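The values are calculated or read from the model by the stated rules, or taken from the named source; none is laboratory data. For clarity, every value in this text was computed on a predicted model and none was experimentally measured. Note that we place each Cβ from the backbone using ideal geometry, even for glycine, and neighbour counts take in every protein chain shown.
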Amino acid sequence: MTEAITSRRPILLALTVAVATTALVVAIVRLTDLAAGDGAGIARDRPAPDIAGITLDGAEFRLADLRGRPVIVNFWGPNCPPCRDEFPLFKAKLAEHAADRLAIVGVLMWDPPEPARDFVAELGAGWPTVIDPGEKILSAYRVTARPQTYFIDADGVLRAIQIGEVSEAVFERQYATIKP
């Protein structure tokens, strides 16, 4: 009896690896399609969907009001460790590229506003974060995970998408696509 169970272990292990690999391949294909702009909705080299809503500090916000400036839209949440890790980089890059009139906009994703307000205050992040209670912005941008970051040029055209944490090298490479 134990011999039959032991002989099935390699088969079960192989089956588990095959299922996990298939799931990973499907996820990569879906994310690659998103980054390439395939399918309906948002796409690189096309106008970015407008973002309209209320920010964490209660102000009205519209992405269209930033036309004429390079814009980075970052979907984040305070309960997301990579999101938290990106904020010091974004703060530094905002100062570094101030002459370009770079704007950063956060979109709060899946977390309540109060912890986000606390985190933004603690870090001293001066850019607006829009609250998206109905997930309409999330849907328009086809966000699949957080953090997810969009690089939009001064004409309002989406030029690059970063799925996952933005490192300094990734920031510079993607920012080069929108730099005036």
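Filter the range 139-177 for residues that are within 12 Å of the chain's Cα centre (by Cα) and in a strand (DSSP E or B); which is surrounded by the fewest Cβ atoms within 10 Å (Cβ to Cβ)?
Ile163
Return yes or no: is Ala121 touching a Pro at 6+ places or on another chain (Cβ under 8 Å), surrounded by fewer than 21 Cβ atoms within 10 Å (Cβ to Cβ), in the same structural domain as Ala64 (by TED's automatic domain parsing) and free of Cβ contacts under 8 Å to residues at least 40 places away in the same chain?
no
Return the residues of the range 90-115 that are farther than 24 Å from Arg44 by Cα and assigned to a helix (DSSP H, G or I); say none if nothing qualifies.
Lys91, Ala92, Ala95, Glu96, Ala98, Ala99, Pro113, Glu114, Pro115
Could you list, in sequence order, all residues of the range 102-118 that are surrounded by fewer than 18 Cβ atoms within 10 Å (Cβ to Cβ) and of a type in the set (Gly, Ala, Ser)?
The answer is none; no residue qualifies.
Looking at the range 116-138, which of its residues are part of a helix (DSSP H, G or I) and farther than 9 Å from Phe75 by Cβ?
Scanning the range 116-138 gives Ala116, Arg117, Asp118, Phe119, Val120, Ala121, Glu122, Leu123, Lys136.
Take the residues in the range 35-87 that are aliphatic (A, V, I, L, M) and in a helix (DSSP H, G or I), then tell me which one is modelled with the lowest pLDDT.
Ala36
What number of residues within the range 126-138 satisfy the criterion of being touching a Leu at 6+ places or on another chain (Cβ under 9 Å), surrounded by 13 or more Cβ atoms within 10 Å (Cβ to Cβ) and not β-branched (Val, Ile, Thr)?
3
Select, from Phe75, Phe87, the only residue that is within 26 Å of Asp153 (Cβ to Cβ) and in contact (Cβ under 8 Å) with a residue 60 or more places away in the chain. Before the answer, list the steps.
Values: Phe87 fails: in contact (Cβ under 8 Å) with a residue 60 or more places away in the chain.
It is Phe75.
So is Glu168 of a type in the set (Asp, Glu), touching a Lys or Arg at 6+ places or on another chain (Cβ under 9 Å) and without any contact (Cβ under 8 Å) to a residue 24 or more places away in the chain or not?
When the stated conditions are applied, Glu168 does not pass them.
Could you tell me whether the range 98-106 includes any residue that is out of contact with any strand residue (DSSP E or B) (no Cβ under 7 Å at 6 or more places or on another chain), within 17 Å of Cys80 (Cα to Cα), in the same structural domain as Ala64 (by TED's automatic domain parsing) and among the small types (Gly, Ala, Ser)?
no
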